[in-house]
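The values are calculated or read from the model by the stated rules, or taken from the named source; none is laboratory data. Keep in mind the model is a prediction, meaning the values are calculated, not measured. Counting neighbours? That spans all protein chains shown, and the Cβs are built from the backbone with ideal geometry, glycine included. Keep in mind that these areas ignore ligands, DNA and RNA; they rest on the heavy atoms of the full protein, side chains included. Shrake-Rupley method; radii C 1.70, N 1.55, O 1.52, S 1.80 Å.
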Amino acid sequence: DLDQNAIQKFKELAIRKKRIDDTILEEDTETLLDKLHLINNGYLTNAALLLFSKDPERYFTGAFIKVGFFETDADLIYQDEVRGSLFEQIDKVIELIFFKYMKAKISYDGLQRVEEYFVSEASMREAILNAIVHKQYESGVPIQISVYKDKLYITNVGKLPDHWTEETLYQKPGSKSYNPNIAHVFYLAGHIESWGRGIEKIFDSCIENDLPMPKYYINPTDIMIEFDAPQRLVIDNFSKVTNRVNDTMNKILESLYDDPGYTITELANIMKMSRKSISNNIKKLKDLGIIERVGNNKGYWKIKR
């Protein structure tokens with residue numbers, strides 16, 4: 001049931017970070033997991049199945065990440081679910097959020113194109129890793145990421161360690177993981193630091209990128225972090241990109257701006273046109289370098305400009 005690709009990726013990352021001896025490449029999977037304290041009395045631990053199982057949900061309901069784009073709190077426009085081993089989920093969800101959910105403010109430094117998001121990749125990665133490492137997986141509730149045009153929330157079922165308060169998060173609290181074995185594997189792979197610097201690194205990245213500091217909300221059953229967009233990075237609406245784009249192509253772009261996951265068949269139904277006409281216009285948009293396809297049948301359209 002284990003994902004050997006995820007295990008191999010872990011080995012390569014851990015060796016690159018020099019946090020594990022390169023002789024580990026020669027070890028079989030059982031020996032590796034035993035050294036990582038992921039086997040107990042001959043059985044895989046819960047942490048082992050969450051980290052490296054092909055389908056953790058077979059054992060733990062809700063062991064995935066749900067992402068949704070909201071127009072308002074009551075209006076969900078589209079959503080996705082990121083599944084697979086925890087070790088694979090982090091890269092998948094980062095790519096999904098930055099390519100499909102968040103709109104970058106585009107500017108140019110000379111001839112160089114600059115994309116600026118209201119959450120930096122470093123802050124996003126740390127916040128999601130914190131959610132994965134500290135989540136209470138027995139809850140059966142997935143991590144939830146809610147994206148708006150001007151804000152983003154990451155929520156996971158969890159609680160602060162005893163005697164911690166919200167103010168503790170803004171200090172240098174040290175390291176106290178709810179899932180120490182999961183945290184240890186992510187540390188060895190270089191995804192997190194062992195001294196509880198995740199929140200500090202989020203703050204540092206916000207300062208470096210001139211972005212507002214995030215807010216934490218400590219609720220009875222969950223913890224939520226909120227990132228807000230500065231006004232300079234709020235994208236209000238879709239604008240036409242070039243006079244070489246006809247009305248049909250613009251309508252396609254407007255639809256893909258609302259939901260990059262639309263298929264050609266769905267676009268044809270929405271626009272009351274034939275699939276052939278939609279396909280021809282999408283080809284023109286691709287030839288102009290305005291959109292590109294990311295992934296295959298379950299992929300999405302990326303608006304490049």
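Quick look at the values:
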quantity	calculated
Label-point separation in nm, Glu193 to Asn40, each point 7 Å along Cα→Cβ	3.0
Order by protection proxy (mean Cβ within 10 Å, highest first), peptides 122-129, 133-140	122-129, 133-140
Solvent-accessible area, 1.4 Å probe, carbon plus sulfur percent, for the chain	47
At R0 = 41 Å, FRET efficiency that the Cβ-Cβ distance of Tyr178 and Arg16 yields, to 0.05	0.90
Residue-wise HN-Hα coupling along region 177-191, computed from phi with Karplus coefficients 6.51, -1.76, 1.60 (Hz; x: Gly, Pro)	7, 5, 10, x, 5, 5, 4, 5, 5, 5, 5, 4, 7, x, 6
Modelled FRET efficiency - R0 25 Å, Thr61 with Thr29, Cβ distances, 0.05 increments	0.45
Per residue value of the accessible surface for region 195-305 (all protein chains in place, 1.4 Å probe), Å²	58
Over 19 Å (Cα to Cα) - which of Lys135/Lys159; Lys11/Lys201; Lys54/Lys201; Lys105/Lys149; Lys105/Lys302 fall in this group	Lys11/Lys201; Lys54/Lys201
Interchain or long-range residues, amide H under 5 Å from Ile143's placed H	Phe64, Lys66
Heavy atoms of Phe203 accessible to a 1.4 Å probe, total area in Å² rounded to 10	30
Computed P(r) (all Cα pairs; region 239-288; 5 Å bins; percent)	4, 23, 36, 26, 11, 1
Rounded FRET efficiency, nearest 0.05, which uses the C-beta distance separating Glu208 from Arg113 and R0 of 25 Å	0.80
Residue-by-residue Karplus 3J(HN,Hα) for region 260-268, coefficients 6.51, -1.76, 1.60, Hz, glycine and proline x	x, x, 4, 8, 4, 4, 5, 5, 4
Pair Ile235, Thr165: separation of 7 Å Cα→Cβ label points (nm)	4.1
Whichever lysines have a C-alpha closer than 17 Å to that of Lys18, once near sequence neighbours (fewer than 8 apart) are set aside	Lys9, Lys35
Backbone HN-Hα couplings from phi across region 87-103 [Karplus 6.51/-1.76/1.60, Hz, Gly and Pro as x]	5, 8, 4, 4, 5, 4, 6, 4, 4, 4, 5, 7, 8, 10, 9, 9, 9
Percent RCO, i.e. relative contact order, over the chain, from Cα pairs under 8 Å lying at least 6 residues apart	16
Heavy-atom surface of region 1-157, accessible at 1.4 Å and reported per residue (Å²)	50
Label of the coordinate-derived value, semi-axes √(5λ) of the Cα gyration tensor in Å, listed as (1) 28, 24, 19; (2) 32, 27, 17; (3) 37, 24, 19	(3)
